[in-house]
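See structure below.
Throughout, read-outs are computed from the coordinates displayed, never taken from laboratory work. Computed from a prediction, not measured in an experiment: that's the story for all the values here. Backbone-built Cβ (ideal geometry, glycine too); neighbour counts: all protein chains shown.
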Amino acid sequence: MAKQEQDREDLLKDGKQMGLRAECSIDGVVFVIGFRSQGQVSIYVGSDPVFQFNSSVELRRVFSHGKRYAAIQGRLCELARSGVSDRLGFVTQAVPDDVETAIVATLELSLARIQGALEGPEADWRLVGGDFVEFQSQLSAWIVRVLSHVRIAETPHV
C-alpha cells in the first residue's frame, strides 16, 4: 500500500480486476460498481465512500471520510495508521455502534440510489465486460440480497 494517497484511477477503464463493471452518474455523483471473478463486489460512490464485499455478500472493507474500516469478527474496526518510518502499518480500533450504524445507513442509501438508476429510463450507464441486461439483472438481485440484511464479514480478506 502506498504511503501517499491519490485520487482513484479511472475504474471503468483501468479496473480490470473487476471483469464486469459499470458507471453511472446519479444526482451528480459518479457511482462505479464492479464484480470480480469470484462474485466479490466493489461499490465506489464518487471517490468516497467505497464499499467492498466478499463472495458471500458480506461487507468486508469500507473507505469513508478518509478513514479505512475492516471487518473483524462481524464488526467494523477502523484501521488507523501507525508508525512514521518507511514501513506503513495499521492498528485496529473498534468503532462505536453509532459509527457502524451510520456506515450501514450510507451503504443502504447508496444501494437504493443505484437500484433506482437501474430501473429508471433516464440513467446513462457505461459498461465494460458484459451485456447491460445481464449486469442489471445480476446487480439488482445482489442489491436485494444485501438490503434484506447487511452482514459484516468475519475477516476483511476476500
Ranked packing of 120-126, 52-58, most packed first, by mean Cβ within 10 Å:
52-58, 120-126
What net charge do the residues around Ala123 carry, taking every other residue with its C-beta under 15 Å from that of Ala123, with Lys and Arg at +1 and Asp and Glu at -1?
-3
J(HN,Hα) series, segment 114-126, from Karplus relation 6.51 cos²θ - 1.76 cosθ + 1.60, nearest Hz, glycine and proline x:
5, 4, x, 5, 5, 8, x, x, 8, 5, 10, 8, 10
Helix 132-148 axis, angle to the chain major axis (alpha carbon atoms, nearest 10°):
50
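Per DSSP helix of 4 or more residues, -39500 (n - 2.57); summed, then divided by the residues of the chain. What does that give at 222 nm, rounded to the nearest 500? Show your work: numbers first, answer last.
Working: 3 runs with 44 residues, N = 158.
Helix contribution divided over all residues of the chain: -9000 deg cm²/dmol.
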Highest first, please rank the peptides 145-152, 20-27 by the mean number of other Cβ atoms sitting within 10 Å of their residues.
20-27, 145-152
Rg ratio (alpha-carbon, reference 2.2 N^0.38 Å) - the chain:
1.05
Find the relative contact order for segment 11-137 and round it to a whole percent, using C-alpha pairs within less than 8 Å whose residues are 6+ positions apart.
22
Student exercise, the chain dipole from Lys, Arg, Asp, Glu Cβ charges, in Debye to nearest 20
580
